[in-house]
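Below is one structure, written out as structure tokens, with a few remarks after it.
Please treat every number below as a calculation from the coordinates, not as lab data. All values derive from a computational prediction rather than experimental measurement. Every residue, glycine among them, receives a Cβ derived from its backbone with ideal geometry; neighbour counts consider all protein chains shown.
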Amino acid sequence: MQIETKDLKAITKKFFEVYGAHDVEAMTALCADDAKGRYAPYGREYVVPVRGGLNAFWKGFTQAVPDFHVEVVEMLQAEGNAIVVQAVLGGTISADAPGGIAKKGDDIRIPHAYIIRYNADGKISYIDCYWDNTSINSIKASAL
């Protein structure tokens, strides 16, 4: 069943609003019980459940960066029950990051792209996430 575009966009907007508000429980509640996702830079085969997988990442990001925020740049209706989102995620690093990626006090903003798919009940069923690794690599290079 095709869900109205306006409804998918409203759910997607809510997902990123609660992410920016550090409310991982609300993010997870917008997902189907069996929802999965893939953070593409970790590899083609890196598919994990949202619960006990991606939600741990989300919580880690919001805890590691106290002023973590999300700026949705654009949302586009894709084929079927899918929305594509361009966003910028970031904030001020509260401690030196491992591997010299960033130093305490650095204000990091990293472009992300999401493909979010919804089931017939309007719950997120699958998330693909891509981000700009060149940003991370340049942060790491500038820290040297």
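Observations, loosely collected:
- Within region 1-58, GluC sites (Glu not before Pro) in DSSP loop having at most 11 other beta-carbon neighbours inside 10 Å: E4, E45
- Prolate/oblate/rounded call for region 1-104, Cα gyration tensor, a/c under 1.5 rounded: prolate
- Per-residue 3J(HN,Hα) values for region 52-60, derived from phi via the Karplus relation 6.51 cos²θ - 1.76 cosθ + 1.60 with θ = phi - 60°, read x, x, 4, 5, 5, 4, 4, 5, x Hz in sequence order (x marks Gly and Pro).
- Within region 1-97, the chymotrypsin sites (Phe, Trp or Tyr not before Pro) that combine a DSSP coil assignment with at most 16 other C-beta atoms in a 10 angstrom radius are Y46.
- For region 33-47, the Karplus equation 6.51 cos²θ - 1.76 cosθ + 1.60, evaluated at θ = phi - 60°, returns couplings of 4, 9, 4, 10, x, 9, 9, 3, x, 7, x, 4, 8, 7, 10 Hz by residue, with Gly and Pro reported as x.
- Using R0 = 35 Å, the C-beta based FRET efficiency linking D67 and K13 works out to 0.95.
- Cα gyration tensor category, rounded, prolate or oblate, for region 1-61 with a/c compared to 1.5: oblate
- Sparsely packed loop sites in region 56-86 (the GluC sites (Glu not before Pro) outside DSSP H, G, I, E and B with at most 16 other Cβ atoms within 10 Å) comprise E79.
- Share of Cα-Cα pairs in region 46-127 lying beyond 20 Å, as whole percent: 46 percent
- Straight Cα distances below 20 angstrom link K103 to the aspartates and glutamates D67, D132, with same-chain residues fewer than 8 positions distant left out.
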